[in-house]
Amino acid sequence: MAKQRVLVVTQHFWPENFRINDIVEGFLAEGLEVDVLCGLPNYPKGEWFDGYGPQGPFEEFYRTAQVFRAKEWPRRGNTSLNIFLNYVSWPLYAAGALHRLPGGYDAVFCFNTSPVLMCWPAIRYARKHHVPFTNYVLDLWPENLYSVLPVQNRALRAVAQGVSDWLYKRCDRLIAMSAPLALRLQQRTGKPAEQVAVIPQYCEDFYAVPCPDEALQARFAGRFNLVFTGTFTPAQSLETVIHAVGLARQQTDVDLHLLLVGDGMSRAALEQLVQQEDAAGYVTFYGSVPATDVPRFTTLADALIVSLSDSPDLGLTVPGKVASYMAAGKPVLASMDGAGHEAVAQAGGLASPACDVPALADNLLQLCRMDEAERAGMGGQIRRYYETHYRRAEILRRLKDFILNGTV
């Protein structure tokens, strides 16, 4: 019996750190044949990764998946103009690269982070070849666009809304990370519930394995280490976290320390804020690390922090890092609204409203006043919630069934 074949469309792919890398590995392990149409790696700094550039390479392999790369304008400097050009260039180049694909696919699947435009080449291919297309909506547009680029012009916002709705309606199936997001997509597209599945983001199994690092332990020993891992963008509202740590430090003798592991467009502004607040002694920018190195930092952590801005629409999503934090079995603090807030609270973590500095500071103080046994108990409860709701094998099975058969 011939293997089923899936075309994965995503602007961001290995060697960039996105969960789609592991999803592809999971599909391959399940016996699927996979081709990937993606861009040239330059995220998050906007600089070409070593070995890549405007001249390619445009074809290579990731495990046994054949990778077809299309050009894109790099995010160089993460300026508004370059981000806009990056958003619009890749879908155009990718649409022009569709003829390079070998075909014979049973399904098309888009891992749709920003921009929503990246699903357009997938729609074109699926419609031309009469193949079912499933779009995994990770960043809801145009709402997510406004958290990154401050678009105020009414005409431009109307265009962004119209284009986003037009694209979502042309997907055969949609996947949402949460029930509120699924309902919003149903309302905007008119699709019935059976065409909009709720499947949360899982995390790779390595996040659940402790990874003690003697050098890190020695460097940050004797402090209460609050750790954030991921990309720095306005949507993360990391200024809220910096202000809350500063406020909490004024009310405790605990040496509270914020360790920011990652990079992104907001880093320069955050570094400036740390200087203005005279916070360099208790805020450390570590820089980006490979995803497989993240457990070194979650193992070090006394607590993990996930935050989002107070944009109402960001409350529809649950950030992917929530699952990886829960897998680490450490106390989790959330500074966000909506589905993410609810998930952390249900798991047994401490959740405060988005951008509420005093509330986040109070939760930090509550953690600082716990003894190690109490914090370990909280972490254990959170880990059990992860094992029930975010296990990789089960979610991969649901993804595969919905993409290929439309069932969950």
Roughly how many debye, to the nearest 20, is the charge dipole of segment 123-168 about its Cα centre, given +1 on each Lys and Arg Cβ, -1 on each Asp and Glu Cβ, and no other charges? 240
Proximal lysines to Lys191, defined as alpha-carbon separation beneath 17 angstrom and excluding residues fewer than eight positions away on the same chain: Lys169
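Decide, for segment 172-281, between rounded, prolate and oblate: order the square roots of the alpha carbon gyration tensor eigenvalues as a ≥ b ≥ c, take rounded if a/c falls under 1.5, and otherwise choose prolate if a/b is larger than b/c, else oblate.
Prolate.
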What accessible area, in Å² to the nearest ten, does a 1.4 Å probe give for Asp371? 80
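Please report, in whole Å³, the volume per residue of the convex hull around the C-alpha atoms of segment 305-356.
57
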For helix 267-276, report the angle its Cα long axis makes with the longest principal axis of the Cα atoms of the chain; keep it between 0 and 90° and round to the nearest 10°. 20
Residue by residue through segment 357-369, what is 3J(HN,Hα) from phi via Karplus (6.51 cos²θ - 1.76 cosθ + 1.60, θ = phi - 60°)? Round to whole Hz and write x for glycine and proline. 4, x, 5, 5, 4, 4, 5, 4, 5, 4, 5, 4, 7
Per residue, how much accessible area does the chain have with a 1.4 Å probe, in Å²? 41
Accessible area of segment 1-46 belonging to carbon and sulfur atoms, whole % at 1.4 Å probe: 47
Of Pro44, Ala347, Gln55, which is farthest along the charge dipole of the chain in the positive direction, counting Lys and Arg as +1 and Asp and Glu as -1 at C-beta? Gln55
Computing the accessible area with a 1.4 Å probe over protein heavy atoms, can you report the carbon and sulfur percentage for segment 69-205? 57
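Between Rg and the Kirkwood Rh of the chain, both from Cα atoms, what is the Rg to Rh ratio?
On the way: Rg = 21.0 Å, Rh = 21.9 Å.
Using Cα coordinates only, the ratio equals 0.96.
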Simple label model, 7 Å out from Cα along Cβ direction - Ala193 to Lys169, nm: 2.4
Placing +1 on the Cβ of each Lys and Arg and -1 on the Cβ of each Asp and Glu in the chain, which of Cys171, Met326, Met378 has its Cα farthest towards the positive end of the resulting dipole? Cys171
Stokes-Einstein D for segment 270-371 (25 °C, 0.890 mPa s, Kirkwood Rh from Cα pairs), in µm²/s, comes to 167
At a 1.4 Å probe radius, carbon and sulfur cover how many percent of the accessible area of segment 283-408? 47
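According to the Cα gyration tensor, what semi-axes, each the square root of 5 times an eigenvalue, does the equivalent ellipsoid of segment 235-296 have, listed from largest to smallest in whole Å?
Values for segment 235-296, descending: 21, 15, 10 Å.
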Of Ser288, Ser266, Ser80, the most mobile residue in a GNM of the chain (C-alpha springs, cutoff 10 Å) is Ser80
Does segment 201-241 come out rounded, prolate or oblate, given a ≥ b ≥ c as the square roots of the eigenvalues of its C-alpha gyration tensor, rounded meaning a/c under 1.5 and, failing that, prolate meaning a/b above b/c? oblate
Between the alpha carbon centres of segment 339-408 and segment 180-198 the gap in Å comes to 24
Nearest 10 degrees is fine. How inclined is helix 120-129 to the longest principal axis of the chain, computing both from alpha carbons? 30
When the Debye formula is applied to the Cα atoms of segment 18-148, each taken as the same point scatterer, what base-10 log of I(q)/I(0) results at q = 0.18 Å⁻¹? -1.09
Computed magnitude of the charge dipole of segment 328-387 (debye, nearest 20; Cβ of K, R +1, Cβ of D, E -1): 180
For the chain, with only Lys/Arg (+1) and Asp/Glu (-1) charged at the beta-carbon, what is the dipole magnitude about the Cα centre, in debye rounded to 20? 1460
A chain fully extended from Asp401 to Arg5 at 0.36 nm per residue, minus the present Cα-Cα distance, gains in nm 141.2 nm
Where Lys and Arg each count +1 and Asp and Glu each count -1, what net charge lies around Glu277 among other residues with Cβ under 14 Å from its Cβ? -2
Nearest 10 degrees, 0 to 90: helix 238-249 Cα axis against the chain principal axis: 10
Would you mind telling me which residue in Val116, Val196, Val131 has the biggest mean-square fluctuation in a Gaussian network model of the chain, where springs connect alpha carbons within a distance under 10 angstrom? Val131
Identify all lysines with a Cα-Cα distance to Lys330 below 23 Å; exclude those on the same chain that are fewer than 8 residues away in sequence. Lys321
Rg over Rh [alpha-carbon atoms, Kirkwood Rh] for segment 343-408: 1.19
Glu374 versus Arg100: modelled label distance in nm, points set 7 Å from Cα along the beta carbon direction: 5.8
Looking only at aspartates and glutamates whose Cα falls under 16 Å of Lys128's and that sit 8 or more positions away or on another chain, we get Asp106, Asp172
If you keep only loop residues by DSSP, which chymotrypsin sites (Phe, Trp or Tyr not before Pro) in segment 91-130 have at most 16 other Cβ atoms within 10 Å of their Cβ? none
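The values are calculated or read from the model by the stated rules, or taken from the named source; none is laboratory data. Source: prediction; values computed, not measured. Positions of Cβ are generated from backbone atoms using ideal geometry, with glycine treated the same way; all protein chains shown enter the neighbour counts. Each accessible area value is taken on the protein alone, full model and side chains, heavy atoms only, with ligands, DNA and RNA left out. Shrake-Rupley method; radii C 1.70, N 1.55, O 1.52, S 1.80 Å.
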